[in-house]
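What follows draws every value from the coordinates through simple rules; no lab data is involved. Since the model is a prediction, treat every value here as computed from it, not as a measurement. Methodologically, a virtual Cβ is constructed for each residue, glycine included, from the backbone with ideal geometry; neighbour enumeration extends over all protein chains shown.
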Amino acid sequence: MTFKCTITIQAFAMESNNPVQFLFTGETVFEMRRCIYETILSDIYKLFFYGVLLMQFEKLNNITLHYQVIGAPEGKPVIVFSNSLGTDFRIWRDVIVQLIGEFSIVTYDKRGHGLSDSPPAPYKIDDHVADLAALLDYLKVKDAIICGLSVGGLIAQGLTLARPDLVKALVLCDTAHKIGDTELWNGRIKAVNEIGIPAISELILSRWFSKEFRSAQVATFAGYRHMLERTSPEGYMGTSAAIRDADFTEQAPNIKVPSLCIVGSEDGATPPALVEELSRLIPGAGYEIIQGSGHLPCVEKPDALFDLMQPFLKKLG
């Protein structure tokens, strides 16, 4: 069976301002959604589809943030994605395609990453929290589900504690209440400052991805190496300092929203035992393991991540 869907979209093509019809097809609903999403993000059209606006930027807290909004029918909940150190919001693509239409989706590049500004290092986790709070205030978003990966999970925790009005629930992926120690992060900052990210990328990537993924997905693995190595050194060092100094061990028990903690079984940066510890600190938090995944399940095992998120999201209503 082949699924077909014809959608008329008000698209501003280079040669015309007239509405454009698109025929989307796929062997599964998932394939069709992926086709729709990739069309929305194409370079040919600036599409307004459920409120999509491409290449969105806003100056907040004296820095320019790059973000993306994919809207949904009125009344649908909002989910916000916050990514890890050394990546940008593209890492969420294969999860997002399964949520289009059911959620309004906000993704963004935190300071020092992607197309957002990279102010001089160091940063504090409070800087990242304040940036996300300012973005959600600007977008008039409240009661959002915040899905954070690694440092994105630290940002999510900090946002929940500082601005509970903005947060309805948490999905905390491959993160912890405290990630690493001072020696680890000072060493990382020193290395980036002296020899650059490419010189240490192999060590970082070995923590991000399982051995199987690194050997089987050669082209994809190369792409994520490029993403890491092209990260602003100031942004990488600044955010490393923020992670070094962030510690929510004592505050995590004060998180009162529904929370789900998820980790890859092969995660070398925030191992399962550490993420499980976080789940025990947050009252009532769930805990799940994605077998065979490293630190970035949204890249390595997006379907498995979505399958764990879906029942949690449904319970929220």
For the stretch 200-210, what does the Karplus curve 6.51 cos²θ - 1.76 cosθ + 1.60, with θ = phi - 60°, yield as ³J(HN,Hα) per residue in whole Hz, taken in order and with x for Gly and Pro?
-> 10, 5, 4, 4, 5, 5, 5, 8, 6, 10, 5
Dipole of the stretch 134-201, Cα-centred, from +1 at each Lys and Arg C-beta and -1 at each Asp and Glu C-beta, to the nearest 20 debye?
-> 160 debye
Sorted by Cβ density within 10 Å, fewest first, the residues VAL141, VAL218, VAL167, VAL78 = VAL218, VAL141, VAL78, VAL167
For LYS59, LYS124, what ranking results if the residue with the fewest other Cβ atoms within 10 Å of its Cβ goes first?
-> LYS59, LYS124
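Using the Cβ atoms and a cut-off under 10 Å, what net charge is assigned to the surroundings of PRO302, where Lys and Arg are +1 and Asp and Glu are -1?
Values: positive: ARG93, LYS301; negative: ASP94, GLU300, ASP303, ASP307.
With Lys, Arg at +1 and Asp, Glu at -1, the net is -2.
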Would you list which lysines come within 19 Å of LYS76, measuring only between C-alpha atoms, while excluding same-chain residues fewer than 8 positions from it?
-> LYS140, LYS142, LYS168, LYS314, LYS315
For GLU288, GLU102, order by how many other beta-carbon atoms lie within 10 Å, fewest first | GLU102, GLU288
Treating cross-link reach as a plain straight distance, find the lysines whose alpha-carbon is under 17 Å from the alpha-carbon of LYS178, omitting any fewer than eight places away in the same chain.
-> LYS124
Straight-line reach check, LYS301, cutoff 20 Å on alpha carbons, 8 or more apart in-chain or any other chain, hits among lysines -> LYS211
